[in-house]
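This report concerns only the one structure given below.
The values are calculated or read from the model by the stated rules, or taken from the named source; none is laboratory data. Everything numeric in this text was worked out from a predicted model, so none of it was measured. Positions of Cβ are generated from backbone atoms using ideal geometry, with glycine treated the same way; all protein chains shown enter the neighbour counts.
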Amino acid sequence: MTNSFYTVEQISDMLNIHPKTIQRYIREGKLCATKIGKSWRVTGHDLSVFTESAETSNTSKKSDKNNEGKLTVSSVIDIDVAGTEEAIRIINALTAALNAKPPEYGRSSMHTQYIEAENTVRVTLWGNVRFMAAMMETVAVLTENNEME
């Protein structure tokens with residue numbers, strides 16, 4: 001069985017969406033794609049999953065827009081760590097928490113950085129209040145465990 005792959009331009013023509021919008025969907029993770037060389041390729045399966053989810057999300061857009069953008073919070077957290085291994089453990093745990101967040105937390109983002117010279121993990125969070133509360137609690141649990149050791 002052969003897989004069919006589509007370029008950003010082909011998808012743009014099929015869906016009548018600007019290629020930059022397709023690229024943004026790929027960057028945001030809304031459309032699964034694989035980078036081959038300098039261009040993106042999307043499997044037929046991933047394209048159908050994307051179009052089906054876009055159809056169902058269009059019906060709920062009105063209710064989402066009413067709640068979206070009312071309150072957004074950002075935060076920068078510096079966590080002192082003992083070394084690289086602890087930094088990796090904390091970053092992996094926070095990434096797992098971000099990836100497992102429920103849909104009601106809405107759009108959110110996280111950037112992490114290990115500053116080796118300072119033995120610090122810097123975490124930048126952005127999202128709604130419920131997301132931020134959950135991530136702050138995760139940080140608190142991770143750092144409490146470190147203090148007990």
Exactly one condition in (1) out of contact with any Ser or Thr (no Cβ under 8 Å at 6 or more places or on another chain); (2) surrounded by fewer than 16 Cβ atoms within 10 Å (Cβ to Cβ) is not met by Arg122; state its number.
(1)
Residue match in region 85-101 (condition: over 14 Å from the mean Cα position of the chain (by Cα) and either part of a loop (DSSP other than H, G, I, E, B) or in the same structural domain as Glu28 (by TED's automatic domain parsing) (or both)):
no
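Go through region 1-43 and give me each residue that's in a loop (DSSP other than H, G, I, E, B) and surrounded by fewer than 16 Cβ atoms within 10 Å (Cβ to Cβ).
Met1, Thr2, Asn3, Ser4, Asn16, Ile17, His18, Gly29, Lys30, Cys32, Gly37, Lys38
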I need the full set of residues from region 98-126 which are at pLDDT 90 or above and out of contact with any strand residue (DSSP E or B) (no Cβ under 7 Å at 6 or more places or on another chain), in order please.
Glu116, Ala117, Glu118
